[in-house]
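Okay, so here's the structure we're looking at.
Please treat every number below as a calculation from the coordinates, not as lab data. It should be emphasised that the depicted structure is a prediction, and the values quoted were computed from it without experimental measurement. Glycine also receives a Cβ, built like all others from the backbone with ideal geometry; neighbour counts cover every protein chain displayed.
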Amino acid sequence: MYKIILPFRYLFRKRISYLALVAVALCVFIVFVVMTVMTELVNDFKQKNHSFVGDCIVGTESLVGFAYYEDFMKILEQADFIEAVSAAVKSYALINAKGSQRSIGVEIMGIDPVRHSLATSFGETLHYNKNDVSRTFKPSYDPNLTGCVVGIDLWLGRNAKGQYTYAVSPEKQALNISCFPLTPKGALAKAGAGETDTRTFYYSDISHSGLARVDSSFVYLPLEQAQSLCGMDRPAKRASAIHIRFRPNTKPEAGCEKVTLLWQQFVRENKESAELLDAVKVQSWKDYRRPFIAAMEKEQTMLTAMFVFVGVTTVFIVFVVFYMIISHKSKDIGILKSVGIPNRNILTLFLCFASWIGVLGSAIGAAAGWRFLVHINQIEDWLFEHFGFQLWDRTIYAIGDIPNQIEFKLLAVIILSAIAACLIGALVPSWRAARLKPVETLQVSQL
Amino acid sequence: MSKQEYILEAEGICKYYRMGAAEVRVLKGVDLAVKKGEFLAIVGASGSGKSTLLHILGALDGADKGTVRFEGRNLSEAGERELNRFRNKMVGFVFQFYHLLDELNVLENVLLPAMAGTGIVGWLGKRRAAKKRAKELLSEVGLNKRANHKPYQLSGGERQRTAIARALMNEPKILLVDEPTGNLDSETGNGILRIFEKLNSAGETIVMVTHDDTIAQRAGRIMTLADGKIEHRHTR
């Protein structure tokens, strides 16, 4: 019973214990808040990439694309694990508003909006045609014109709070898009003075994928128009990629493996007639977007490593506090031993004390962190209104609210780590206490 | 007298301390035997090794040479577990500086030996009986109204009486008392000694060390420790 009473009393009677308590609470608070925000940002970023790509992609980085994609799409559509497929043409182009002298470089993506919305979450990124994606490339002001969808950051600016101001309906705006059509061999399809192909499209919608690079550089065009613009409509139709969505019960890795097998068989069967098939890769959405995701994951890993150092600091603080407490409490250890308390119980007693510090410190830190996270956006708004401070400049970063979804698994790991850190920090001083000889601590000279 | 009547026996106890390069021989072969129900006082000047001898007799410290037998059992052969049990059940210590735990109140300090000898589950079973005994002991030493006070709220005499109640909690077979009145005025000290006399007359075996001959006179038998050896024996 003394193993419960005494540690509890030490905790509240010894002011130095508060130091350890505050250190643990602060560490838990910081780690909980930062890791929650960071984890949520990374998960959100992954989710947006997943939505943008679909589950799997069969594609090439080559600007000339690959032929016979329609044949392979038919094979894919017959597979029982595939929900939807969508071909896409990707290339680079120059865009300028009609009447403007200023051209900017963009990435163009030719798609069939209905199919692409089934294979990816493209439809959900639209503002005006979200509910009827078949009208994506039909400008509301004149459905007979050929429309284009522009990445939101190419078209709209954000206010200081990161919000966009949308017009009620898209205003009529002609956009000239110029591209270099390429032959299947990669040569310019048009030699001489007219090397570029320029066509006029009309602004019909905006796409907000939440991916900064995509929203600031992508322009979506009708598939056939993009193929024609890039020279991918001759001699045989070519595409840059096939986006695939699996049925809900299909695991992404298993689905990708099956698509790979189907693709390998397709290549074998079309080796003679199909060019460029060797440059085509089958990738999961994660592998396809790896260069972007890896950077975020690396930041998360670095942050975790930094928090390991925070944990080490906590261990050291607990160690110092316990070392001091035990030095002050050596008389108590002698008294306890004089009434027959064994060494292991002295060790347990001080480890119990460390556990109390860990549990209470974690509880305080977690509760404070929880409350802080719940109100984090209000706090940021208040700081912005009064001091102009923002965690991220919303005019630059494509982040709306600060993510604050509590992850209980993460919280449990942080609390258990904090308790473990306290036990580790207290272990050596507690062991030293357990080894103290009672006569050494009860001597008059020691009092 | 047959050997069985001695509750505690010490033979040839030696204890050395190293102070720098020099070796200080504190005890140089102490022999003593304590009978059941006896009140023995060991007198000696400061630094004569009285407290060291008492600690060795109570297994708080080990001798460099010699043996200590409690009811015939050689304590130097006992394991850690047996020694802990010995300190918890067989012997009660009363120290000059009381040695109470500041974080516990008077009642909890008295209950400490009972709590020490049992786990949490076992304690739940015996808690009521232990509290009853602790309160009886506090009543015997005149502290029944001070049960919820903290040691810092007590006078020196009250602290020492709390320490005595704690020493008696597990009904030990022998009380080892180290300068019990060393920190008290003569009147309070007399009160403490009367408690020991009362306990002894009720059958408790007591070994007390003191530097004060007057206090030693209250014991049934006196031994003098000088130059690391028992020099003089006197029976009242």
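In nm, to one decimal, how far is the modelled label at residue A:124 from the one at residue A:249, with both set 7 Å along Cα→Cβ?
2.3 nm
Over the stretch B:33-179, how many percent of alpha carbon pairs lie in each 5 Å bin up to the one with the longest distance?
2, 9, 17, 20, 19, 15, 11, 5, 1, 0
Tell me, Kirkwood radius of the stretch A:111-196 from alpha-carbon pair distances, in Å? It would help to have the intermediate numbers written out before the result.
Working: mean 1/r = 0.0640 Å⁻¹.
Answer for the stretch A:111-196: a Kirkwood hydrodynamic radius of 15.6 Å.
Above 16 Å lies some portion of the pair distances; for the stretch A:196-282, what is it as a whole percent of all C-alpha pairs? Let's see the in-between values first.
Details: 2621 of 3741 pairs.
Tail of P(r) above 16 Å: 70 percent of Cα pairs.
For the pair residue B:25 and residue A:12, what calculated FRET efficiency results from E = 1/(1 + (r/R0)^6), where r is the Cβ-Cβ distance and R0 = 45 Å, to the nearest 0.05? If you can, show how the numbers build up before the last one.
Numbers: r = 46 Å, r/R0 = 1.03.
For R0 = 45 Å, the calculated efficiency reads 0.45.
Please give the charge dipole size of the stretch A:61-279, origin at the Cα centre, charges +1 on K and R Cβ atoms and -1 on D and E Cβ atoms. Round to the nearest 20 debye. Present the calculation step by step, with values, prior to reporting the outcome.
Values: 24 positive and 25 negative charges, 94 e Å.
About 460 debye.
Of the candidates A:201, A:52, A:408, which one comes out as most mobile in a Gaussian network treatment of chain A with C-alpha springs shorter than 10 Å?
Taking springs between Cα atoms under 10 Å, the residue moving most is A:408.
Averaging over all projection directions, find the projected area of the Cα convex hull of the stretch B:72-153 and quote it in nm² with one decimal place. Show your work: numbers first, answer last.
Numbers: hull surface 28.4 nm².
Answer in nm², one decimal: 7.1.
Roughly what % of Cα-Cα distances in chain A sit above 27 Å, to the whole percent? Intermediate results must be reported in sequence, preceding the final value.
Numbers: 65300 of 99681 pairs.
Of the Cα pairs, 66 percent sit more than 27 Å apart.
Sorted from fewest to most neighbouring beta carbons within 10 Å, what does the list A:263, A:431 look like?
Working: A:263 19, A:431 14.
The most exposed by this proxy come first: A:431, A:263.
Any chance you could list the semi-axes, whole Å, largest first, of the equivalent ellipsoid that the Cα gyration tensor gives for the stretch B:16-89, using √(5λ)?
Numbers: eigenvalues 103, 59, 23 Å².
So the equivalent ellipsoid measures 23, 17, 11 Å along its semi-axes.
At a temperature of 10 °C and a viscosity of 1.306 mPa s, determine how fast the stretch A:61-279 diffuses translationally according to Stokes-Einstein, using the Kirkwood radius over alpha-carbon pairs as Rh; express D in µm²/s, rounded to the nearest whole number.
Working: Rh = 18.4 Å.
For these conditions, the coefficient is 86 µm²/s.
Need one number: % antiparallel among DSSP beta bridges in the protein assembly as shown, to the nearest 5. Don't skip to the answer; put the middle values down first.
Working: 63 of 91 bridges.
For the protein assembly as shown, the DSSP antiparallel bridge percentage is about 70.
Under 26 Å from the Cα of residue A:258, which lysines turn up, not counting those fewer than eight places away in the same chain?
List returned: A:46, A:48, A:74, A:90, A:237, A:271, A:281, A:286.
Can you list, largest first and rounded to whole Å, the semi-axes you get for the stretch B:1-59 by taking the square root of 5 times each eigenvalue of its Cα gyration tensor? Don't skip to the answer; put the middle values down first.
Values: eigenvalues 137, 30, 14 Å².
Rounded to whole Å, the semi-axes are 26, 12, 8.
So how far apart, in nm, are the two label points at residue A:320 and residue B:190 if each is 7 Å from Cα heading toward Cβ?
5.5 nm
May I ask which of A:14/B:173; A:3/A:329; B:35/B:150; A:337/B:50 have a Cα-Cα span longer than 25 Å here?
Details: A:14/B:173 36 Å; A:3/A:329 15 Å; B:35/B:150 37 Å; A:337/B:50 20 Å.
Pairs exceeding 25 Å: A:14/B:173; B:35/B:150.
So if we plug the beta-carbon distance of residue B:148 and residue B:124 into 1/(1 + (r/R0)^6) with R0 = 22 Å, what FRET efficiency do we get, rounded to 0.05?
Step by step, r from the Cβ atoms, then E = 0.55.
Above 27 angstrom, tally the Cα pairs of the stretch A:1-146 and express them as a % of all pairs, no decimals. List each step's numbers first, then the result.
Working: 5663 of 10585 pairs.
That fraction is 54 percent.
Check which residues have an amide H placed less than 5 Å from residue A:162's amide H, if you skip close sequence neighbours.
Hits under the 5 Å cutoff: none.
Could you work out the per residue convex hull volume over the alpha carbons of the stretch B:112-163, in cubic angstrom?
Numbers: hull volume 4.2 nm³, N = 52.
Looking at the stretch B:112-163, the number lands at 81 Å³ per residue.
Amide H of residue B:177 versus every other amide H placed in the peptide plane: which residues, excluding those fewer than 5 positions away on the same chain, fall under 5 Å?
Close amide H contacts, sequence-distant or interchain: B:94, B:207, B:208, B:209.
Regarding the stretch A:248-309, what whole-number volume in Å³ per residue does the convex hull of its Cα atoms give? Write out the running numbers ahead of the final one.
Working: hull volume 7.4 nm³, N = 62.
Convex hull of Cα atoms, per residue: 119 Å³.
I need the helices of chain A that pass two filters: whole DSSP H segments spanning 27 Å or more by Cα along the axis, and mean Kyte-Doolittle score no lower than 0.5.
Details: long enough: A:15-53 (57 Å, 1.22); A:290-328 (56 Å, 1.33); A:343-374 (46 Å, 1.22); A:408-435 (40 Å, 1.64).
Span-like helices, by this rule, are A:15-53, A:290-328, A:343-374, A:408-435.
Taking chain A as a Gaussian network, where each spring joins two C-alpha atoms under 10 Å apart, which residue of A:87, A:67, A:79 fluctuates the most?
The residue with the greatest mean-square fluctuation here is A:79.
Apply 1/(1 + (r/R0)^6) to the Cβ-Cβ distance of residue A:391 and residue B:82, taking R0 = 56 Å, and write down the FRET efficiency to the nearest 0.05. Walk me through the numbers on the way to the answer.
Numbers: r = 64 Å, r/R0 = 1.14.
E(calc), rounded to 0.05, equals 0.30.
Which angle from 0 to 90°, rounded to the nearest 10, does the C-alpha axis of helix B:120-140 make with the longest principal axis of chain B?
Tilt relative to chain B: about 80 degrees.
In a Gaussian network model over chain A where Cα atoms closer than 10 Å are linked, find which of A:28, A:413, A:259 has the largest mean-square fluctuation.
Its mean-square fluctuation being the largest, the pick is A:413.
Would you order A:268, A:238 from fewest to most other beta-carbon atoms within 10 Å of each residue's own beta-carbon?
Numbers: A:268 9, A:238 25.
By the 10 Å Cβ count, ascending, the order reads A:268, A:238.
Would you mind giving the average projected area, over all directions, of the Cα convex hull of the stretch A:153-226 in nm² with one decimal? Don't skip to the answer; put the middle values down first.
Details: hull surface 27.6 nm².
Average of the hull's projected areas for the stretch A:153-226 equals 6.9 nm².
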